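The values are calculated or read from the model by the stated rules, or taken from the named source; none is laboratory data. What you see is a predicted model; the values in this text were computed from it and never measured. Counting neighbours? That spans all protein chains shown, and the Cβs are built from the backbone with ideal geometry, glycine included. The accessibility values were calculated without ligands, DNA or RNA, using every heavy atom of the protein model including side chains. Shrake-Rupley method; radii C 1.70, N 1.55, O 1.52, S 1.80 Å.
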Amino acid sequence: MAETTSAVSKQPPSQATLQPISLYEAFLFWLKLGFISFGGPAGQISIMHQELVERRRWISEKRFLHALNYCMLLPGPEAQQLATYIGWLMHRTWGGVIAGALFVLPSLFILIGLSWVYVAFGEVPVVAGIFYGIKPAVTAIVLHAAHRIGSRALKNAWLWAMAGASFVAIFALNVPFPLIVLVAAIIGYVGGRFAPGKFVIGGGHGGAKNSYGPALIDDDTPTPEHARFSLRHLVCLLLIGAGLWVLPLGLLSLSFGWDGTLTQMGWFFTKAALMTFGGAYAVLPYVYQGAVGHYGWLTPTQMIDGLALGETTPGPLIMVVAFVGFVGGYVNPMFGSEHPFLAGAVAASLVTWFTFLPSFLFILIGGPLVESTHNAIKFTAPLTGITAAVVGVILNLALFFGYHVLWPKGFGGALDWPCAAIAAAAAIALFRFKRGVIEVLFACALAGLAVHLWRA
């Protein structure tokens, strides 16, 4: 993160130097953020805190954390939702739309380009070698994600038991991911009522402990008029949101039929968007079950490669869905066999639309209710239960990736020893030496290229 944090060395402005921020100035910042938002949600939230709280003083620490705690309770990418919330608070609805969209669009365009290179030139020796090294690195990264989330979330035997049960449910019993989330939320809710000491421990980021001087939106700054609850505004947003979902899905259904690839992508990724409690890693098993197992839009190996591309691009990790959409559209060109790129690009864009539309609505609709109080948000027990279950689900995903990477021909075939060595090296780099995801992927890509060229 060094390249993105050096810009915060300046001293924060004083109250006398604080000036209202124009929508254009905010636009430039959100655009910049869209291109430098590497590091997953933790890194992205850290960048926003450093820039908006510490250096620019657009919002105070307390108000920042208050918004973040709300975003943590929602399905969807919390960093993108936090950007949307702050943009909305500063510059009304258009400010939120601009902030949230610019957090996603650079990643979408980059992924469309990389996805095209992947499907069009994936058999070229250099490209194939790079992905040969990236696959085992992704396995180690997912395993590290399970450990990272588990070490933060599994604080007692109850939560360990929920993680173990969710692993057995999805690994041995093939229970659908949405059902696991629902049961975990119910257990968390009941547990929060009867054993709060065991369950009400997650979902927040603590209280505001630091003061960086006065801010434009300070602790005691009155809630702006547009951020106050209005029944009329709520109904209007609900109608607009319903229209933005129903209209494109209806047009797709009329044009390609309900069973058409684009129509089913819109429906499937709408459901996926509502399942993203606990981060992108948590919903990946659901995406795999649907995109690979049910619809056959891509292969297990392609799913691993798509996650690798998602890890190396800015923006939310859930943007891996754009890769899924592109590959699914490219191999099923609904605009004719001579236009596979167009089909892939349209599919990736539609998938992104249906995945992120709920996130915008959650912020624009729920924001006024959140702004009605600046106390810490409670009732996080269901999220705690879901997060515990997510650990088991992610562990299953790591085993799934490991199986397909290390035994490409199944257990009946030989272990791919070079892949195993790369995976072990990546795990050591992540767990022991705390190296960043980008540098681990880069090193493993070079190692994979060397092995691939040596074999050739």
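Farther than 30 Å from PHE341 by Cβ, at pLDDT 85 or above, open to solvent by 30 Å² or more (accessible area, probe 1.4 Å) and out of contact with any helix residue (DSSP H, G or I) (no Cβ under 6 Å at 6 or more places or on another chain): which single residue out of ARG152, ARG56 fits that description? Lay out the reasoning, then the answer.
Working: ARG152 fails: at pLDDT 85 or above.
Result of the check over ARG152, ARG56: ARG56.
Among the residues of the range 155-169, how many are open to solvent by less than 20 Å² (accessible area, probe 1.4 Å) and among the polar types (S, T, N, Q)? If you could, list the steps in order and put the result at the bottom.
Restricting attention to the range 155-169, the residues satisfying the condition of being open to solvent by less than 20 Å² (accessible area, probe 1.4 Å) are 159, 163, 166, 169.
In the following step, the residues that additionally are among the polar types (S, T, N, Q) were identified as 166.
Final tally of qualifying residues: 1.
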Looking at the range 408-422, which of the residues that are within 31 Å of the chain's Cα centre (by Cα) and part of a helix (DSSP H, G or I) is farthest from GLN302 (Cα to Cα)? ALA421
For ALA427, only one of the following conditions fails: (1) open to solvent by 10 Å² or more (accessible area, probe 1.4 Å); (2) under 30 Å from MET72 (Cβ atoms); (3) modelled with pLDDT under 85. What is its number? (3)
Which ones in the range 265-316 are under 18 Å from SER115 (Cβ atoms), outside any loop (DSSP other than H, G, I, E, B), among the aromatic types (Phe, Trp, Tyr) and open to solvent by 10 Å² or more (accessible area, probe 1.4 Å)? TYR288
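For MET319, are the conditions met, namely being over 29 Å from MET48 (Cα atoms), touching a helix residue (DSSP H, G or I) at 6+ places or on another chain (Cβ under 8 Å), among the aliphatic types (A, V, I, L, M) and open to solvent by less than 10 Å² (accessible area, probe 1.4 Å)? First the steps, then the outcome.
Values: over 29 Å from MET48 (Cα atoms): no; touching a helix residue (DSSP H, G or I) at 6+ places or on another chain (Cβ under 8 Å): yes; among the aliphatic types (A, V, I, L, M): yes; open to solvent by less than 10 Å² (accessible area, probe 1.4 Å): yes.
Answer is no for this residue.
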Report yes if some residue within the range 371-380 is touching a Ser or Thr at 6+ places or on another chain (Cβ under 6 Å), assigned to a helix (DSSP H, G or I) and either of a type in the set (Asp, Glu) or surrounded by 17 or more Cβ atoms within 10 Å (Cβ to Cβ) (or both); otherwise report no. yes
Filter result for the condition that a residue is under 28 Å from ALA185 (Cβ atoms), open to solvent by less than 40 Å² (accessible area, probe 1.4 Å) and over 19 Å from the mean Cα position of the chain (by Cα), over HIS91, HIS66: HIS66
